[in-house]
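The values are calculated or read from the model by the stated rules, or taken from the named source; none is laboratory data. Worth saying up front: this structure is predicted, and the values here are computed from it rather than measured. Quick reminder, even Gly has a Cβ in these numbers, built from the backbone with ideal geometry, and neighbours come from all protein chains shown. These area figures cover heavy atoms from the full protein model, side chains too; ligands, DNA and RNA do not enter into them. Shrake-Rupley method; radii C 1.70, N 1.55, O 1.52, S 1.80 Å.
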Amino acid sequence: MIPTAAPDQHEIPFTERRFRRQRFRRRGIFLLPSLFTVGNLLCGWYASAVALTGSGDDLDRAAKAIGLAILFDSLDGRLARLLKANTDFGIQFDSLADVVSFGIAPALLSYAWGVQHLPGFGYSALIQQIGHFGWWFCFAFVVCCAWRLARFNVQGMAPGGSKYFIGMPTPAAAGVIAATVHAFPAPLQDDRWSITWICITLALAALMTSTIRFYSFKDIPWTRKQPSLAVVLLALLCAAIWRWSESVLFLIASSYAIVGVTLHVIRFARHRLASRTV
């Protein structure tokens, strides 16, 4: 029997090399959703920095950055579920990024667009009072965003499946602010409109911590075959956003909030009527 040469001590057995390739591939799968989360965080940081020092055009860029953060946030979760790469670390990392992108960034943008450019800012007593309340109300938006994310991490979706969120989702609330600034990029110059805008910001904060159910769109089978009409309608929607982004995005963001509140009022009224008739 001819003796075989001993394997080189530097040679890696085939099974070990295959195991290493699988391990590196698995790490890559886990890394991909986190890269989208980093993109979400980057957009939130950029929007915050621009909102602090920017003019009307810069505020519009900040609003667009928040819109990109919403896109990245929707993709990282779907990629994680698609690749079966859901981890506790990824969930917490995504929540921390959301606090920046959908809490701090839209609050700063709301304050800069609605209060900071008022005539007489820093001199007029009335404008100073508006700025004082605006600062606290925008801070309330940040607190409610963090509260909403913490509650979601503990409680999850509404009972009965993943069809509804409990409370307005933080990307949707941030989207209302970003879409409004994108549609009307010139900062507010009227103290009455400024007060109205501060109240809207506070209302969005309250909606995030409320128990109102908002549709999640998670029951739509995006990865399955869709009817031709649905594909055509989606293509038309994308084309409309590309051509008339100011009006279309503002309509979508405001409609989502209004429809959610309206359906809640209808359900509440039906429940009261049913309880009275029993």
> Just wondering, is there one or more residues in the stretch 214-222 that are outside any helix (DSSP H, G or I), closer than 24 Å to S110 by Cα, of a type in the set (A, V, I, L, M, F, W, C) and touching a strand residue (DSSP E or B) at 6+ places or on another chain (Cβ under 8 Å)?
Replying inline: yes
> Does the stretch 94-133 hold any residues that are more than 21 Å from L204 (Cβ to Cβ) and open to solvent by 40 Å² or more (accessible area, probe 1.4 Å), and which are they?
Replying inline: P119, F121, G122, Y123, S124, A125, L126, Q128, Q129
>> Looking for something open to solvent by 50 Å² or more (accessible area, probe 1.4 Å) and of a type in the set (K, R) - is there at least one such residue anywhere in the stretch 144-154?
In response: no
> Given the residues S110, S124, which is the only one that is hydroxyl-bearing (S, T, Y), within 27 Å of S55 (Cα to Cα) and touching a residue at least 60 places away in the same chain (Cβ under 8 Å)?
Replying inline: S110
> What number goes with the only condition from (1) in contact (Cβ under 8 Å) with a residue 24 or more places away in the chain; (2) at positive phi; (3) surrounded by fewer than 17 Cβ atoms within 10 Å (Cβ to Cβ) that G167 does not pass?
Replying inline: (3)
>> Restricting to the stretch 57-93, name every residue that is open to solvent by less than 40 Å² (accessible area, probe 1.4 Å), among the acidic types (D, E) and in contact (Cβ under 8 Å) with a residue 60 or more places away in the chain.
In response: D60, D73
> How many residues, within the stretch 263-278, are farther than 21 Å from I166 by Cα, among the aliphatic types (A, V, I, L, M) and part of a helix (DSSP H, G or I)?
Replying inline: 2
>> Give me the residue from the stretch 42-92 that is over 17 Å from the mean Cα position of the chain (by Cα) and of a type in the set (V, I, T) and, out of that set, modelled with the lowest pLDDT.
In response: T87
> Residues in the stretch 239-254 that are part of a helix (DSSP H, G or I) and farther than 12 Å from G175 by Cβ: how many?
Replying inline: 9
> Hey, any hits in the stretch 162-176 for a residue that's aromatic (F, W, Y) and closer than 27 Å to S124 by Cβ?
Replying inline: no
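Conditions tested, residue by residue: (1) at pLDDT 90 or above; (2) in contact with a Ser or Thr (Cβ under 9 Å, 6 or more places away or on another chain); (3) more than 26 Å from N40 (Cβ to Cβ); (4) exposed (fewer than 15 other Cβ atoms within 10 Å of the Cβ).
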residue: A179; (1), (2), (3), (4): yes, yes, no, no
residue: L207; (1), (2), (3), (4): yes, no, no, no
residue: F214; (1), (2), (3), (4): yes, no, no, no
residue: K225; (1), (2), (3), (4): no, no, yes, yes
> Of the conditions (1) open to solvent by less than 50 Å² (accessible area, probe 1.4 Å); (2) part of a loop (DSSP other than H, G, I, E, B), Q189 fails just one. Which one is it?
Replying inline: (1)
